[in-house]
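The values are calculated or read from the model by the stated rules, or taken from the named source; none is laboratory data. Remember, predicted model here, so these are calculated numbers, not experimental data. Using ideal geometry, Cβ is built from the backbone for each residue, glycine included, and neighbour counts are taken over all protein chains shown.
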Amino acid sequence: MRVPLQISFRNIMPSEAVESRIREKVAELEEFAPRIISCRVIVEALHRHHRKGRLYHVRVDVRVPGADIVVSREHQLAHEHEDVYVAVRDAFAAIVRKLEDFVRRQRADTKVHDVPLHGRIARLYTYEGYGFIDTPEGIEVYFHRNAVIGGNFEDLEIGDDVRFSMPAAEGDKGPQASVVQPIGKHHLPDVETVST
């Protein structure tokens with residue numbers, strides 16, 4: 001953290017034990033999000049409510065590159081927040097959730113569909129049930145007959161254009177296509193033409 005941690009107490013005497021717990025929680029936060037610029041924590045004792053003990057309000061302000069993330073927990077009706085340690089725990093659990101959401105948005109962890117790769121059939125071993133695709137980058141990619149969709153393995157010919165997908169990890173024979181789809185005129189479904 002570039003700016004030292006700031007801890008403030010309002011309507012409550014400063015407590016070394018509470019401050020120590022907050023420092024532990026901030027250390028855990030820094031392990032999760034190491035790019036934290038600053039963190040400010042305010043622990044406040046709220047006024048007594050009838051039939052309830054003193055309740056605690058904890059506010060956590062965290063600055064990270066690109067955002068200020070704030071959690072302000074006012075649990076005026078939550079009996080468990082008569083314990084300052086529970087109020088601290090809940091505030092930090094909430095800030096972790098907000099940081100996770102922020103990091104997810106920053107990383108754009110939305111599901112992205114891979115664009116299919118393309119290449120040409122370079123070699124076919126029809127009886128053995130496999131072949132190889134040459135890519136424009138000069139990589140040879142293995143594929144099995146079961147990977148062919150939108151056409152039949154037996155109908156493929158050397159030189160046919162195909163689209164294919166590959167998993168991140170390579171197979172036993174090097175790069176391996178998990179899905180191979182023939183493209184080109186002779187692999188398109190027959191379309192009836194109507195002359196006028």
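Structural remarks
- Filter pass, ILE121 being out of contact with any helix residue (DSSP H, G or I) (no Cβ under 9 Å at 6 or more places or on another chain), surrounded by 18 or more Cβ atoms within 10 Å (Cβ to Cβ) and modelled with pLDDT of 90 or more: yes
- Which numbered condition GLU100 fails, given (1) charged (D, E, K, R); (2) at pLDDT 85 or above; (3) in a helix (DSSP H, G or I): (2)
- For the range 124-144, filtering for residues that are surrounded by fewer than 12 Cβ atoms within 10 Å (Cβ to Cβ) and not hydroxyl-bearing (Ser, Thr, Tyr) leaves 4.
- Within the range 145-162, the residues that satisfy the criterion of being surrounded by 12 or more Cβ atoms within 10 Å (Cβ to Cβ), touching a residue at least 24 places away in the same chain (Cβ under 8 Å) and either not in a loop (DSSP other than H, G, I, E, B) or not assigned by TED's automatic domain parsing to the domain that holds PHE132 (or both) are ALA147, VAL148, PHE153, ASP161, VAL162.
- Count - residues of the range 18-43 that are closer than 20 Å to TYR85 by Cβ and either part of a strand (DSSP E or B) or not assigned by TED's automatic domain parsing to the domain that holds ASP90 (or both): 5
- Within the range 24-51, being surrounded by fewer than 14 Cβ atoms within 10 Å (Cβ to Cβ) and either at pLDDT 90 or above or touching a helix residue (DSSP H, G or I) at 6+ places or on another chain (Cβ under 8 Å) (or both) holds for GLU24, ALA27, GLU28, PHE32.
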